[in-house]
Amino acid sequence: VEGTEILKGISLTIKKGEIHAVMGPNGSGKSTLAKVLSGHPAYEVTSGEVLFQGKNLLDLTTEERSLVGIFMGFQYPVEIPGVNNAEFLRMAYNARLLNEGKDEVDPLDFDDILQEKMDMLGMEDKYKERSCNDGFSGGEKKKNEILQMAILKPVLSVLDETDSGLDIDAIKTVASGINSLLDGKHSILMITHYDRMLELVKPDFVHILRDGRIVKTGDYTLALQLEKDGFKGVEDETH
Ligand code: ADP
Ligand code: MG
């Protein structure tokens, strides 16, 4: 990005139904990885490929990536004044249906789908009629990201620090929202700093990203070790 190489060779395989956690110090490239996977236009991929169900994602636009089942929950969700939250969700939902050759759902039927997910996340009705993320608190924005995910049921969800800025009750709600999607078919790439989130959404693999490279991969116990010894302590062991 802007002439600087951020990611310096990432090799990662995520199978159907797996949960991968990416942890790493600030500035290591975690959000860059999420943005590259979702096709952020500011980032140029200089080599390599990203294979998703046999397609190279890098050949697809951001919209096409969404239609094939990629979802990204932003670290800093964008406020979109003037865009009604419920309509935004319905249009995204219907775009997916049309792409699959199915019929769109009408607003009334969609409201049932939306209501169920909002109840699950403990979101009040007023968040339907408000503009998308406009004036939402940090925690409300993060819940709204998970609401989008729950509605779209993506094949691969890339969640960038969805737990940061949430109080303990909200973390539990968000974690149960994520867990409700897990049925062995949906995969998650979860960027997080907190072992608390990983206690609730147990990852199959934990990767440590440093300076644009994955420097260590382990299972859930690696996150516990990180909590105890910090990034430096864990990495020194490898050198
Ligand atoms: P993390 O999410 O791990 O904290 P980021 O992926 O946000 O890290 O950033 C990694 C590095 O890339 C940082 O040094 C950051 O300043 C730099 N970077 C990211 N985006 C840009 C950009 N648009 N322009 C310049 N530098 C960027
Ligand atoms: Mg980040």
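The values are calculated or read from the model by the stated rules, or taken from the named source; none is laboratory data. From a predicted model like this one, the values you see are computed outputs, not experimental measurements. Please note: Cβ atoms are built from the backbone with ideal geometry, for glycine as well, and neighbour counts cover all protein chains shown.
Quick look at the values:
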| quantity | calculated |
| --- | --- |
| Tally, over region 8-28, of residues that are surrounded by 21 or more Cβ atoms within 10 Å (Cβ to Cβ) and either within 13 Å of ligand 2 (Cβ to nearest atom) or not in a strand (DSSP E or B) (or both) | 4 |
| Answer from LYS128, LYS143 - the residue that is in a helix (DSSP H, G or I), surrounded by 14 or more Cβ atoms within 10 Å (Cβ to Cβ), touching a Leu at 6+ places or on another chain (Cβ under 6 Å) and not hydroxyl-bearing (Ser, Thr, Tyr) | LYS143 |
| Considering residues of region 67-80 that are more than 16 Å from SER31 (Cα to Cα) and outside any loop (DSSP other than H, G, I, E, B) only, the residue modelled with the highest pLDDT | ILE80 |
| Filter result for ASP111 (among the acidic types (Asp, Glu), under 21 Å from LEU152 (Cα atoms) and away from ligand 2 (no atom under 16 Å from the Cβ)) | yes |
| All positions within region 84-132 that are among the β-branched types (Val, Ile, Thr) and more than 23 Å from the chain's Cα centre (by Cα) | VAL105 |
| Counted residues, region 45-66 - those being outside any strand (DSSP E or B) and surrounded by fewer than 16 Cβ atoms within 10 Å (Cβ to Cβ) | 13 |
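For every residue, the table says whether it meets (1) within 11 Å of ligand 1 (Cβ to nearest atom); (2) closer than 20 Å to SER157 by Cβ.
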site: ILE6; (1), (2): yes, no
site: GLY17; (1), (2): no, yes
site: GLY24; (1), (2): yes, yes
site: ALA42; (1), (2): yes, no
site: SER47; (1), (2): no, no
site: LYS55; (1), (2): no, yes
site: LEU58; (1), (2): no, yes
site: GLY73; (1), (2): no, yes
site: GLY82; (1), (2): no, no
